[in-house]
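Participant: Please see the structure below; I have some questions.
The values are calculated or read from the model by the stated rules, or taken from the named source; none is laboratory data. All values derive from a computational prediction rather than experimental measurement. Cβ atoms come from the backbone with ideal geometry, glycine included; neighbour counts cover every protein chain shown.
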């Protein structure tokens, strides 16, 4: 009996997971890139984020997949922590759709039609004329396989309804809800699917093995267990992404914590019984469990929705910024300052200077790694580059919004200059990625460099490093004198480029230099020179803006 039960259970779970995956992949393909576009619509209103999270999760049939996607978007700088919080709240609501889907098994006996669904789905997927038709066939195929799995699980648990020992174990969960929560948590962590855990609980209840009150703690534990996926996805990501994963865990743990009070005194069960007419039977108990799952997540979401700001601050406190960590989000772009253009422009300039500091750090790590022939610190460069890209997007959007305000002539003239500077800073960051490729090529292929070559490259790099610091200072302070110093350094960088190339040709002629090493040498020199060009553009922007300001003052005096 035990052997047959295990085979049916494991096989049923396999079919359930396989069907869920096929159906989910089909729905993703139908939605395509629209899923990402939907997530990008999360802007100012948290309620929109909740709706988007619920919708995306219903489409892909997995809150874990949504939370992983959200963590990925936050890591890439496409979503802020606040926006991600509302989307994850919605994902918790969207994941309850699977429980409603499973409950239809008892109402409509969908399992009786699972095989025809498989046949029709396979036929449409194989012979469909269009891609969308084939994808819909995949959805039907997955739907059918999912319910075949549920049918096997139902058959596996049926003998247990007459086993008093098993019933006593589950009665203990209703008497000790904390134990039930722990079991539900462990089940979900092991299965890596909250939908599978809920489905098992529903099938157990449908077979009379477990009572409805005993199912509630298992459902609550399931909601905590599902957060492990986001935590795993956040390993190795940036600070904000880790805070997003922490919110998912925090949100569900707090929700389960206060809901246990209502479970212990029986109010939760009585409330569900109150809102659903009729008595609980084996025929409708799946429906009761689906309602309970939705009730918990909807209540939890709308209870905490007004306190997103507080939850955000709590996540920041729980996952503090480590020394040397990069803050991806803007620090100076205050929206309420847009109605005071002069101050808003100054804030945008400060943010651009900070962006240049991040780009300079990225270039510094890459260049020093090249000179030291080491790849140990290169893993920091992608995160710094993502931060630069994110800041470019945020600053540009801020300046576009500012351009729609009532601006003076000098303010209007300074905006395009600042936008050009932002773009130049972004290109500086791009060159760090180019240099990373050169470092990896040098290390992997063990390319030799002469002492003279390294000495020359260090000379050029020291000049560029000083130039980056001066450019950042000139931009932050709008300092005309320092900006002119940056332009003077560009001339020296250009002379060094020519000088280093000539020296390289001489080494080649003397056969002191490896040919492949020489190509990497020249690429490194060219990247440094191009970075100098972008820094010079930034300095020219500072000088040009100062001239326009002086000209405007002169015209007013005249």
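Conditions (1) closer than 21 Å to residue 535 by Cα; (2) surrounded by fewer than 16 Cβ atoms within 10 Å (Cβ to Cβ); (3) assigned by TED's automatic domain parsing to the domain that holds residue 534; (4) at pLDDT 90 or above, marked per residue:
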| site | (1), (2), (3), (4) |
| --- | --- |
| 374 | no, yes, yes, no |
| 378 | no, no, yes, no |
| 389 | yes, no, yes, no |
| 399 | yes, no, yes, yes |
| 405 | no, yes, yes, no |
| 413 | yes, no, yes, no |
| 420 | yes, yes, yes, yes |
| 427 | yes, no, yes, yes |
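Participant: Only one of (1) modelled with pLDDT of 65 or more; (2) surrounded by fewer than 22 Cβ atoms within 10 Å (Cβ to Cβ); (3) in a helix (DSSP H, G or I) fails for residue 188. Which number is that?
Facilitator: Unmet for residue 188, out of (1) modelled with pLDDT of 65 or more; (2) surrounded by fewer than 22 Cβ atoms within 10 Å (Cβ to Cβ); (3) in a helix (DSSP H, G or I): (2).
Conditions (1) closer than 30 Å to residue 455 by Cβ; (2) touching a strand residue (DSSP E or B) at 6+ places or on another chain (Cβ under 6 Å); (3) part of a helix (DSSP H, G or I), marked per residue:
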site	(1), (2), (3)
347	no, no, yes
367	yes, no, yes
374	yes, no, no
402	no, no, yes
418	no, no, yes
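Participant: Buried (at least 21 other Cβ atoms within 10 Å of the Cβ), more than 26 Å from the chain's Cα centre (by Cα) and either over 19 Å from residue 436 (Cβ atoms) or assigned by TED's automatic domain parsing to the domain that holds residue 441 (or both): does that describe residue 359?
Facilitator: Working: buried (at least 21 other Cβ atoms within 10 Å of the Cβ): yes; more than 26 Å from the chain's Cα centre (by Cα): no; either over 19 Å from residue 436 (Cβ atoms) or assigned by TED's automatic domain parsing to the domain that holds residue 441 (or both): yes.
For residue 359, the condition - buried (at least 21 other Cβ atoms within 10 Å of the Cβ), more than 26 Å from the chain's Cα centre (by Cα) and either over 19 Å from residue 436 (Cβ atoms) or assigned by TED's automatic domain parsing to the domain that holds residue 441 (or both) - is not met.
Participant: Separate question: Give 316, 308, 345 a once-over and let me know the one that is crowded, with 17+ Cβ neighbours inside 10 Å and either free of Cβ contacts under 8 Å to residues at least 12 places away in the same chain or more than 18 Å from residue 50 (Cα to Cα) (or both). Explain how you work it out, then say what you get.
Facilitator: Working: 316 fails: crowded, with 17+ Cβ neighbours inside 10 Å; 308 fails: either free of Cβ contacts under 8 Å to residues at least 12 places away in the same chain or more than 18 Å from residue 50 (Cα to Cα) (or both).
Going through 316, 308, 345 in turn, just one is crowded, with 17+ Cβ neighbours inside 10 Å and either free of Cβ contacts under 8 Å to residues at least 12 places away in the same chain or more than 18 Å from residue 50 (Cα to Cα) (or both): 345.
Participant: Looking at (1) in contact (Cβ under 8 Å) with a residue 40 or more places away in the chain; (2) part of a helix (DSSP H, G or I); (3) in contact with a helix residue (DSSP H, G or I) (Cβ under 7 Å, 6 or more places away or on another chain), which is the one condition that is false for residue 448?
Facilitator: For residue 448, the failing item is (2).
Participant: Would it be correct to say that residue 334 is surrounded by 13 or more Cβ atoms within 10 Å (Cβ to Cβ) and over 22 Å from the mean Cα position of the chain (by Cα)?
Facilitator: Numbers: surrounded by 13 or more Cβ atoms within 10 Å (Cβ to Cβ): yes; over 22 Å from the mean Cα position of the chain (by Cα): yes.
Against the criterion (surrounded by 13 or more Cβ atoms within 10 Å (Cβ to Cβ) and over 22 Å from the mean Cα position of the chain (by Cα)), residue 334 qualifies.
Participant: Which numbered condition trips up residue 103, out of (1) in a helix (DSSP H, G or I); (2) modelled with pLDDT under 85; (3) surrounded by fewer than 20 Cβ atoms within 10 Å (Cβ to Cβ)?
Facilitator: For residue 103, the failing item is (3).
Participant: Another question, if that's okay. On the basis of being surrounded by 14 or more Cβ atoms within 10 Å (Cβ to Cβ) and part of a helix (DSSP H, G or I), does residue 394 make the cut? Walk me through it before giving the result.
Facilitator: Numbers: surrounded by 14 or more Cβ atoms within 10 Å (Cβ to Cβ): yes; part of a helix (DSSP H, G or I): yes.
Considered against the rule, which asks whether it is surrounded by 14 or more Cβ atoms within 10 Å (Cβ to Cβ) and part of a helix (DSSP H, G or I), residue 394 comes out as yes.
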